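No lab work stands behind these numbers, since they all come straight from the coordinates. All values derive from a computational prediction rather than experimental measurement. Virtual Cβ from ideal backbone geometry, glycine too; neighbours counted across all protein chains shown.
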Amino acid sequence: MDSKIIEEEFHDLLDDVADGVKEKLDISKAVKKRSSSETAAKMVSNSSTVGEEIIEPEIESYRKDLKKQFSKLLKAVENKEEIHKNREKVLEHDVFYQNLEEHNEEVERKVIERLESLHEAIARIKKSEKDDVWEAVSENFTRREAEQFIDDMFGFMEELEAHEEDLKYTKEVDMSKISKILPFQIEVDYTSEALEVMKESEREVREEMEEKIEELYEDDDKPIKL
């Protein structure tokens, strides 16, 4: 299968995840909870600038990292590169690993295991002569393997629930962009807000893909070709 077909299919799905986060993320909640200035909190809550200057750049960075990492995985498949030999390259855009507050070997291991599993699945799709990603999946994956693939793509936040306290999402907010009477900056920790909406957005896309898997395998009672 042409790599462009694979990339476009999964970039679209990753866009859906990022769009879900954009729709739900409200950094002003974090400002209200953590700012010592009631005036700052009120200004942020009522400002349309928050979306343009604070939230949107964060979401676009998140979106780019999701897509870049997938593209690097796909490129590694094309070049027959093993993930464990290119750790730094694939971790560079990992939205989980890069937001660890400090080094955590267990999280890094889980991240690498997930990427290796995705690498293997993408390689199997790439070998297909089909022109449709999901036809390739149904031809080359058992139902359980297809479900695992979807979990790896869109269920990793649940894998990291035990390590949420090690993840940290912060943003330096320039209050002068919101109001001239607030000529200072505050660092906002919006970790709980980010994790909540990331999980929810991942889950929404995963549920859609689970329906797709149900359609692909509902009439198939025989073993799937490996």
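Site pair Glu105 and Glu81 shows an inter-label distance of 2.6 nm when each label is modelled 7 Å from Cα along Cα→Cβ. Loop-located GluC sites (Glu not before Pro) across segment 67-166 with a Cβ neighbour count of 14 or fewer within 10 Å are Glu82, Glu92, Glu101, Glu102, Glu129, with loop assigned by DSSP. With both labels modelled 7 Å from their Cα along Cα-to-Cβ, the Ala162 to Glu211 distance reads 3.3 nm. On a C-alpha basis, how far is the centre of segment 108-170 from the centre of segment 64-103 in Å? Whole number, if you could? When both Cα centres are located, 13 Å separates them. Taking other C-beta atoms within 10 angstrom as a stand-in for reagent exposure, Thr170, Thr191 fall in the order Thr170, Thr191, fewest first.
Stretching the chain fully between Glu172 and Ser192 yields a gain of 5.6 nm (0.36 nm per residue, less the alpha carbon separation).
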